[in-house]
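The values are calculated or read from the model by the stated rules, or taken from the named source; none is laboratory data. Note that this is a predicted model, so its numbers are computed, not measured. Ideal geometry is used to build each Cβ from the backbone, glycine not excepted, and the neighbour counts take in all protein chains shown. Heavy atoms of the whole protein, side chains included, go into the accessibility calculation; ligands, DNA and RNA do not. Shrake-Rupley method; radii C 1.70, N 1.55, O 1.52, S 1.80 Å.
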Amino acid sequence: MSLASYIGCNIELPINDDEYSDDSFYIGRCFAGDSELQKVKKYQFTNLYVYEVSSHWGIEISEYMNQETCAESKVKLLELCKRMDSYLEKGDYFELYSCWIGDETDKREGEITLQINNFDIDQIEIPEKTLARFEK
């Protein structure tokens, strides 16, 4: 199984679905297919557009992750917020949700709201099945 991370937003984003990317982070498919994207959109998000964000593993920040994977997730989340900040207008937001492929319809285990440019990456936890809302 694979941990996938999805984002929902109300704007269309440039994606890299043409080929599997070796970049450390990109917006485009890696693990999820159309079915998973539709399910996560219906059951988890409030937004019009849903994308998988990838770096060959999902974003999960929790005390239960191994230290290296958690550190990588923190770098990915900061990069995601930087990119989304350039796309969003003041007052907009995006949502992030990570789960194992096939668990897109499962009940959320938590929710968190953060300001896109105003949080301490070392003081937050975003475990799997948590909806994180980032407001600009």
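Counting only heavy atoms of the protein chains and using a 1.4 Å probe, residue 35 has close to 60 Å² of accessible surface. Residues whose amide H falls under 5 Å from that of residue 98, counting only those 5 or more places apart or on a different chain, are 6, 129, 130, with hydrogens built in the peptide plane.
Annotation note: chymotrypsin sites (Phe, Trp or Tyr not before Pro) in segment 1-100 located in DSSP loop regions with a Cβ neighbour count of at most 15 within 10 Å are 20, 64. Just to verify a number: what accessible area does residue 88 come out at with the full protein assembly present, 1.4 Å probe, Å² rounded to tens? Per-residue accessible area (residue 88): approximately 10 Å². Ranking of 84, 65 by solvent-accessible surface, largest first: 65, 84 (1.4 Å probe, protein heavy atoms only, all chains present). Here Kirkwood radius over Cα pairs in Å was calculated from the structure, and among (i) 14.7; (ii) 15.2; (iii) 16.7 it sits at label (i). The number of Lys pairs in the chain with C-alpha atoms less than 17 Å apart, excluding pairs fewer than 8 positions apart on the same chain, is 12.
Considering helices alone, the calculated mean residue ellipticity of the chain at 222 nm is -7500 deg cm²/dmol, with DSSP H runs of length four and up weighted by -39500 (n - 2.57) and normalised per residue.
Ligands, DNA and RNA aside, residue 72 has an accessible area near 90 Å² when probed at 1.4 Å.
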